[in-house]
Structures are given as structure tokens and as C-alpha cells.
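S.K.: Got a structure for you, questions after.
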Amino acid sequence: MDSLDTPAPPSVKFLAEDDAASRRGSIPTIRHLLDEDHEGRSLSGSVRSRSGSVRSRTNSVLTRIPTRPELKTLTRVVKRPAVDIEFTDLTYTVNTATGRKHIIKGINGFFKSGEITCIMGPSGAGKSSLMNILVGYVSQGVGGSIYTNGAERQLALFNKLSAYIMQEDLLQSHLTVYESLLVAAHLKLGNELNQDEKRAAVEEIMTTLNLKFCQNTRVERLSGGQKKRLAVALELVNNPPIIFLDEPTTGLDIVTTNQVISLLKFLARQGRTIVCTLHQPSSTIFHMLDHVYLLAKGFCIYQGTSHKLVPFLAKVGLVCKPTYNPADYVPFEIKILRREYFNRWYSLKSYYTALSLAVAPLIIVFTIMFASLTYACSDQPLSLSRFLWFNINSIIVALVSEAIGFCIGSVFNAANGTVVTPAVIAPMLALAVYGMGFGTAVEPYMLLLMNISFMRHSLIAFSLTLWGNARAHFICPSSVVYCTHQDPRLLLKDLGMSNMSHMQEVYFMIGYFVLFKVLGFILLKYRMTKSKNSVYNGGALAYVKRLIKKS
Ligand SMILES: Nc1ncnc2c1ncn2[C@@H]1O[C@H](COP(=O)(O)OP(=O)(O)OP(=O)(O)O)[C@@H](O)[C@H]1O
């Protein structure tokens, strides 16, 4: 769903209004909220007064800006100045078939050298648009001002000082790592360094980015992480003080992602300004970021350190639970709000029905594939009716399992769900197989208890399908003197299933399916509405009671 086409969630609206009002100078900005604790005055005023932007921050921001270090580690590359980027009242509007669309809506920001800044936000928030504007790819329809080190940005100069590393690693696949870097050095540096100096710079970059060991490996044979490091290395050849990266961790595993972000942080610490977009950083990565710039619907709703995001969200009424990854929580909360709006349009019933219908074909197809293979591999008789019932039983069990899974998923988050699911399933499994081999001796109260388990009913249904209905005696191997369970009827008797009706078990399973489907809907409805105090009053049980009373 396109976020611009939906009404702003209350939280975002509040922040957006706050931002707009702050620009009028009437109420505190988000950054007031963030900085009031330790600085006691607004930063937004200084953002607007660009000429003295760095100086006007003396008491506030400079305490947080590290002294600008020279780019020490890469000693062989060309020296460049450190660059701070600042933008004020930035807007971006495009003409569409239906009229003008406001994509970036008057945002301010300050990206410091020596820091890694991450532009984050849900899909469609405007991250790529902002990045394209800052990089200089987009200029038409852009309003507001962009400054570098306090002076108006000169795009031609800015282009020389910055590098943009795109999501796809567009590398020359047939060159080796060393050759790629050398070609880049020749193309980018021209006469700035002589041949020996270029080679020395390339050697140094390879060592710094841990590419030396694969310097003779062809690019097409590099791993994802190595390719990403090479993409960064190629840009480092002319040592740009500003590096933009679009989703630098896409397609990388968690370990490689950590390495890439650590590398970017390391490069930032040498005085560079690193700006990247990240879609869903893990909690570890999120906390490695120096500065988070959070966008929602073209507005900036937060900018500051990553560790202050959670307290900030709590201040505006969005409490992030301790077990949540804050980065997940920011797309997550907005999604829930969006879904609440969605439900107003289509009702939860339609949503739930559509969801159930959408997953059912997948469940059925995969179950048939699995059940057919199992039937064939376990050497079952060539009987169409048995084969069909084996598949039907399997499909019903899969649908019941999905319905139970949905109930658990409606109530618990992924972490708790992984504990609760086995805790629910294990007793059902135990009850399903209780007394096997001593079927006639199972106590009546246990038989009653065993009926609770949907797995018990499915086990009986499967057993009757395979061994009931006058199945012929099993073939007893000639090496065995006597086969106790050669007669399938005796086998069913010892399993305690001799007097059971297959159809009755099927009806039981269908009953369970309906029960868990209804329960899933109630739990989902409860979860969707529990945040509203008017509805949530007395916990889940009271809510279910009220629902029953109403109906
Ligand atoms: N040239 C354009 N014409 C029309 N709409 C546009 C244009 N460029 C961007 N948009 C719209 O502006 C919104 C923001 O787009 P943008 O690509 O910046 O978002 P994003 O945050 O990067 O999203 P994602 O994470 O999904 O890539 C989207 O709704 C997009 O459809």
C-alpha cells in the first residue's frame, strides 16, 4: 500500500505538524525534544542560520562533533577536506498524471563528518528521493537549500568530493581486484599522483579494506561482502570525503553486514561523511549507527543518535518493548496504524477471509505434493480411495495446524511464539500416541482427554485410511516365524482404534479447523483493538466475554 495514499497515522501527523510549526518558530521541534535534556536549547534555530551554522552550534553541537581529524589511515591517497552537509526546508515535488505530488515536505538535516548517518523509514517514505537530491542526481522540482561546511553547495565541486555507491555492485567482472583498483586509479586520479604513488595508494586501500588476500581473484568470483568492499575501495581511490551508499547491506548475511557497517564506521571515524539508506537493519547494526534520520511520508520524524530513538518514541507515546528491535518497531508501528485504517475500509472479516483464502491454495498444493510422495515412498497399496483419503486427511491436518499457528501468531510475537508453539503442540502429540500397543487397556478418562488432541483424531483417520476397510494381510517375511500384526485388524485393535469411524474423525478435525479459525479471528480482532482504551477494558478474557454477550 502506498503510504502517500493513506491518511497519516496520528503519531506521524503529530510529528509532521510539529516539524511544520517549528519551521514557523512557534512550537518546539523534534530536535528540541531530543536535545532539551542535555543542551537546554534548540538546534533548529542554528540549522536555519546557515552562515554561522557551525559557530552558532558552539555550545550545543560542537560538544558532540569530534575534532575534525585529517584522513590518517589512508596516507597514500590524495588529501581532501572533511565536509559537513546541511539542508534546510528541503522539498521535492513531481508532476504526475493526477497532479503535483509532494514527496519531500520541507525537511531540515545536518549530516556531520566523522559520523555514519543512516536514512531510514518505511517503504515510500522518501529515502531514495532524499538520497538522490543530496547526491545531486535530482534537481528538478527540488526546493530549499543545501550547504556544505556552511556555504551554499556548488554542485560541480560537490560531485568531485562525493561518491555514490549504488545497491547493485556494478563491477567489471573479468578484471581482478588489483586490476580494477588500478584502472580506477588511472581514470580517477589522472595526473594527481604519479604511477608509483597510484600503485602505493591501491596497495594501501587493499590492505585497509582487507582485499589484499584476494587481489588476484577475478571480480566475478568474489563473495557478496568482498564485492561490496571492492565497490567501496574503488570509490576510495580518489578519497572522497563524502560517501553515499544505497542499501549497502542488501543480500549480505548478518556477519558480512556487520563487517560492511564496521568498515563504513571506520571510514567515517577518519573524518568522512558517510550517508546510507538501510531498509531493515538488525538491532546490532542499528546501534552501530551514529546518526539516524527517520523519514515518514516525506517528513523527518526523528534525527539524532540511534540510542535516543526509543526514549524519543516513548515521549510521543510509542513505547517500544524491550524485546523488539527498534528498527523493526519503526516500520512495524506504522504498519499497524496503517492496517487499522485499512480495516476501517474493508472490515477485519474481509481481511481475515481474504488472508485465509490466499494461503489455502498454497497449503493444499504443498500438502498434496508431500502426502503423495509419502504415500508412494512408504509402499502403500495401489488403491485410489485410500490414496485420496490419505491426501484429504493430510490437507485437513495442515489447515488445522495453520489455524493454530495463526492463533499463536495473533497473540505472541516471533520470539515468544517460538516458545509457546512447542508448548502447545507437545501435549497434543503426547495425547495422540498415548497407550499405543495397549489400546484396549487405556483408561476411560484418558480416552476422554485424548479426544482434546486434534493430532489424535488425525492419527486415527490416517490409521483407518491405511489399515481399515478390510485391508489384506501384510506379507510376513519368510525369515520371521510369526508376525503378530500380520492382520491389520489386530494392529488397529492394539492401537485402540478398532471400533472407530473414519468419517467421525474427519468431522472432528473439520470441527477443530472451524474452532481455531474463529478463535484466530477473535484473537486478531483483540490484538488490533487492544491499544484503544475504549475497547480494551479488562484484558483478553473480558474482551471475549463482551464479544459473546454482544452476539
Ligand atoms: N518521479 C516520481 N514520480 C512520481 N512519484 C514518485 C517519483 N519519485 C518518487 N515517487 C514517489 O514518492 C514516494 C517516495 O519514493 P522513494 O523512492 O523516495 O521512497 P523510499 O523511501 O526510498 O521507498 P523504498 O524503501 O520502497 O525504496 C513513493 O510513493 C514514490 O512512488
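No lab work stands behind these numbers, since they all come straight from the coordinates. Small disclaimer: the values here were computed from a predicted structure and weren't measured. As a convention, Cβ positions derive from the backbone with ideal geometry for all residues, glycine included, and neighbour counts pool all protein chains shown.
S.K.: Once you keep just the Cα pairs under 8 angstrom separated by 6 or more residues, what percentage relative contact order results for the range 126-283?
M.R.: 29
S.K.: Shape call for the range 150-199 from the C-alpha gyration tensor, a ≥ b ≥ c root eigenvalues: rounded (a/c under 1.5), prolate (a/b greater than b/c) or oblate?
M.R.: Values: a/c = 3.80, a/b = 1.39, b/c = 2.73.
Because a/c hits 1.5 or more and a/b fails to exceed b/c, the range 150-199 counts as oblate.
S.K.: For A163, list long-range residues whose amide hydrogen, built 1.01 Å from N in the peptide plane, is under 5 Å from its own amide hydrogen.
M.R.: I242, I243, F244
S.K.: Going down the list K112/K227; K101/K227; K101/K265; K127/K349; K101/K188; K227/K315, which pairs span over 32 Å between their C-alpha atoms? If you can, show how the numbers build up before the last one.
M.R.: Details: K112/K227 27 Å; K101/K227 37 Å; K101/K265 36 Å; K127/K349 34 Å; K101/K188 38 Å; K227/K315 41 Å.
Check vs 32 Å cut-off fails for K101/K227; K101/K265; K127/K349; K101/K188; K227/K315.
S.K.: Could you put C276, C476 in order, starting from the residue whose Cβ has the fewest other Cβ atoms within 10 Å?
M.R.: Values: C276 24, C476 13.
Ordered by Cβ neighbours within 10 Å, fewest first: C476, C276.
S.K.: Quick one: if you take sqrt(5λ) for each eigenvalue of the C-alpha gyration tensor of the range 348-532, what semi-axes come out, biggest first, whole angstrom? Walk me through the numbers on the way to the answer.
M.R.: Numbers: eigenvalues 252, 77, 37 Å².
Square roots of five times the eigenvalues give 35, 20, 14 Å.
S.K.: Right, here's the next one. Can you give the extra length, in nm with one decimal, that the chain gains between S262 and V480 once fully stretched, where that is 0.36 nm per residue apart less the Cα-Cα distance? Walk me through the intermediate numbers first.
M.R.: Numbers: separation 218, 0.36 × 218 = 78.48 nm, distance 6.65 nm.
The S262-V480 span can extend by a further 71.8 nm.
S.K.: While we're here: Could you derive backbone 3J(HN,Hα) for the range 128-145 from the dihedral phi with the Karplus parameters 6.51, -1.76 and 1.60 (θ = phi - 60°), listing whole Hz in sequence and x where the residue is Gly or Pro?
M.R.: 5, 4, 4, 4, 4, 5, 5, 5, x, 5, 10, 9, 5, x, 9, x, x, 10
S.K.: What ³J(HN,Hα) values, in whole Hz, does the Karplus curve 6.51 cos²θ - 1.76 cosθ + 1.60 give for the range 297-311 when θ = phi - 60°, with x put for Gly and Pro?
M.R.: Whole-Hz 3J(HN,Hα) from phi for the range 297-311: 6, x, 9, 8, 9, 6, 9, x, 6, 5, 6, 8, 5, 4, x.
S.K.: In percent, how large is the relative contact order of the range 348-532, given Cα pairs closer than 8 Å and 6 or more residues apart? Spell out each step's value before the answer.
M.R.: On the way: 167 pairs, mean separation 52.7, N = 185.
In percent, rounded to a whole number, it is 28.
S.K.: Continuing with this model, one more query. Just to verify a number: FRET efficiency for D253 and T98, C-beta to C-beta distance, R0 = 30 Å, to 0.05? Each step should come with its number before you reach the end.
M.R.: On the way: r = 42 Å, r/R0 = 1.39.
Once rounded, the FRET efficiency stands at 0.10.
S.K.: So what J values fall out for the range 441-447 if you push phi through Karplus, 6.51 cos²θ - 1.76 cosθ + 1.60 with θ = phi - 60°, rounded to Hz, Gly and Pro as x?
M.R.: So the Karplus estimates, Gly and Pro as x, are 9, 5, 5, x, 5, 6, 4 Hz.
S.K.: Given H placed 1.01 Å from N in the peptide plane, which residues other than close sequence neighbours of M120 have an amide H under 5 Å from its amide H?
M.R.: Sorted by chain and number, the residues that satisfy this are Y293, L294, L295.
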